[in-house]
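Working notes for the structure below.
The values are calculated or read from the model by the stated rules, or taken from the named source; none is laboratory data. This structure is a prediction, so every number in the text was calculated from the model and none was measured. Don't worry about glycine lacking a Cβ; one is built from the backbone with ideal geometry, like all the others, and counts go over all protein chains shown. These accessible areas exclude ligands, DNA and RNA; they are computed on the full protein's heavy atoms, side chains included. Shrake-Rupley method; radii C 1.70, N 1.55, O 1.52, S 1.80 Å.
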Amino acid sequence: MSAARGEFSSRFGFLMAASGSAVGLGNIWGFPTNTASNGGAAFLFTYLILVFLLAYPALMAELIIGRHGHSNAVTALQGLSRGRATYLLGTTVGFVGIVTVSLILSFYVIVSGWMMAYLIDPLARLAGLNSLAGWLTGDGLVRDSLFVLLFMGLTIYVISAGVKEGIEKWASRLMPSLIVILILLILYVVTLPGASEGLRAYLVPDFGVVANPHLIINALGQAFFSLSLGVGTMLIYGSYVNKRENLAQLGSLVALLDVGIAFLAGLLILPAMYVAQNNGVAIYDAAGGLIAGPGLILSVLPALFNSMGPIGLLVALAFFLLMTIASLTSSISMLEVPVAYAVENHGVERKKATVAIGAIIAVICLIIVANFSVLFDLTVTVTTEWSQPLGGLFFCVFVAWIWNRNGLLREISQGYPDVEQSLFWKIWPFYVKFICPVAILMVYVQLLGFL
Ligand code: TRP
């Protein structure tokens, strides 16, 4: 079975796929708005520290388990186990990851569907189809359901083609386009009146808020979501990396690309908000905070694009294309988790597995869409605030407490022969053993305290 396993054909392919998974709505939407509402550069600074001190070590844990196990999370963790108890624990962590990532995908696809609808809107207006445009940008069960199916269809299309022909091929095309579109949009928006105020809100720190534990938890949650940790996504991508690659270095490049693109997204979104304000669009909510949730992407920014005149259509098109691309390279990495399990452990043919699992998740999406006010926030909270960090914790526990140190060293030294003398090996094992688990546990203590 292992001979038939997919593998990334180059470092570039892996980097595009893994950073494509990491860079998504979390970076372009979540990060800038979190930053704006939490003290600007003070949040950015906290975030950078947490990414490199906590999220990067956890990312490495997943990549290494994946490459070592050469399989999905369930099998890889079972392989590291040392007896009945840890075998059961590994099986449970693997399965909880599969369920969690499927639920994350089910809310992610809904939001991605909105991005696609807003991408088609400027085209409809260009063609003079104004009632279609109104339907695309107005809330509606039919619109949401239709775009769930469309976006899920795209995700299924890419994943059914496999690791090289699907994930790697599309990520290698889409990620460079994303970076180009993002930079062009920034260059345009920062020239507009009002932009410099946005840059100030983003880049001038208010250190008064950094000590706030809420902010640190927020930043840690953001970092875990953004690096796609705790559910086996990075583990499965790690399992497609060959033994000649230096994983420690690849992992750090993925983390750098992720924070780099999040930072760039801030240079776009914050100035855009203040340009919108300059054009008469309200950017503060009734409570005096910056509008951050769906209101930002689905009403403030579209209002800004509308106020720009004809060029606004082009800007809207570029912006929602950016959002759709970012979503797609993330959603494929989520669908790959259950698909890889079905293919490897149950011998299901990849196309069949992808269509069947994609269809099941699409049904869950539709159930959430139909009961949006009850289910949407609940799904987001349970998966991203509870399940995901817990998964991250257990991946660290497996690497640092269950796997023996020599076996671990042997795995990392493949592709990195002098790792034993490196700074990485001096610091990282200690981090995954003590610092990461304690930091994640502290998040739970805080969460429980807030209940
Ligand atoms: N990291 C992506 C983002 O920032 C989302 C994502 C992809 C994800 N795969 C994941 C989140 C797995 C959690 C778990 O939008």
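The table below gives the values:
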{"quantity": "Vicinal HN-Hα couplings computed from phi for region 70-76 (Karplus, 6.51 cos²θ - 1.76 cosθ + 1.60; Hz; Gly/Pro x)", "calculated": "6, 6, 5, 4, 4, 5, 5"}
{"quantity": "Difference of contour (0.36 nm per residue) and Cα-Cα distance, TRP386 to SER299", "calculated": "28.3 nm"}
{"quantity": "Selection of chymotrypsin sites (Phe, Trp or Tyr not before Pro), region 147-250, meeting DSSP coil and at most 10 other Cβ within 10 Å", "calculated": "none"}
{"quantity": "Extension gain from GLN249 to PHE430, taking 0.36 nm per residue of separation minus the Cα-Cα distance", "calculated": "63.3 nm"}
{"quantity": "Solvent-accessible area, 1.4 Å probe, carbon plus sulfur percent, for region 241-320", "calculated": "66 percent"}
{"quantity": "Spatial separation of Cα centroids for region 254-324 and region 51-116, in angstrom", "calculated": "32 Å"}
{"quantity": "Dimensions in Å of region 11-140 - Rg and Dmax from alpha carbons", "calculated": "20.5, 67"}
{"quantity": "Residues with amide H under 5 Å from that of GLY162, placed H, sequence gap 5 or more", "calculated": "ILE167"}
{"quantity": "Label-to-label distance, nm, for residues given as ILE367 and HIS346 (7 Å Cα→Cβ offset)", "calculated": "1.6 nm"}
{"quantity": "The chain: angle of helix 213-226 to the longest principal axis, Cα-based, in degrees nearest 10", "calculated": "80 degrees"}
{"quantity": "Cα-centre dipole for the chain with unit charges at Cβ (Lys and Arg positive, Asp and Glu negative), debye to 20", "calculated": "920 debye"}
{"quantity": "Angstrom value of the Kirkwood radius, inverse mean 1/r, which spans all Cα pairs in region 44-92", "calculated": "12.0 Å"}
{"quantity": "Length released on extending from ARG173 to LEU447, taking residue separation times 0.36 nm less the Cα-Cα span", "calculated": "94.7 nm"}
{"quantity": "C-alpha long axis of helix 56-69 to longest principal axis of the chain, angle in °", "calculated": "50 degrees"}
{"quantity": "Heavy-atom accessible area per residue - the chain, 1.4 Å, Å²", "calculated": "39 Å²"}
{"quantity": "Acute angle (nearest 10 degrees) that the helix 436-450 long axis makes with the longest principal axis of the chain, alpha-carbon atoms", "calculated": "50 degrees"}
{"quantity": "Reciprocal mean inverse distance between Cα atoms of region 379-451 - Kirkwood radius, Å", "calculated": "13.8 Å"}
{"quantity": "Overall Cα dimensions of region 272-341 - principal axes, largest extent first, Å", "calculated": "51, 33, 13"}
{"quantity": "Overall Cα dimensions of the chain, principal axis frame, Å, largest first", "calculated": "64, 51, 42"}
{"quantity": "Global geometry of region 129-187, whether rounded, prolate or oblate, following the gyration tensor of its Cα atoms and the 1.5 cut on a/c", "calculated": "oblate"}
{"quantity": "Relative contact order for region 2-447, counting Cα pairs under 8 Å that sit 6 or more residues apart, in percent", "calculated": "34 percent"}
{"quantity": "Distance-filtered residues of region 44-65 - backbone nitrogen under 17 Å, label point 7 angstrom along HIS214 Cα→Cβ", "calculated": "44"}
{"quantity": "Anchor LYS169: lysines whose Cα lies under 30 Å away (excluding residues fewer than 8 positions away in-chain)", "calculated": "LYS243, LYS351, LYS352"}
{"quantity": "In nm, spacing of pseudo-spin labels at LEU150 and LEU256 (7 Å Cα→C-beta vector)", "calculated": "3.8 nm"}
{"quantity": "Spatial separation of Cα centroids for region 392-451 and region 1-41, in angstrom", "calculated": "21 Å"}
{"quantity": "Förster radius 25 Å - calculated FRET efficiency between VAL204 and ILE183, Cβ distance, rounded to 0.05", "calculated": "0.65"}
{"quantity": "Using θ = phi - 60° and Karplus 6.51 cos²θ - 1.76 cosθ + 1.60, couplings along region 25-34 (whole Hz; Gly, Pro as x)", "calculated": "4, x, 7, 8, 9, x, 4, x, 6, 4"}
{"quantity": "Region 127-262 - convex hull of the alpha-carbon atoms, volume per residue in Å³", "calculated": "222 Å³"}
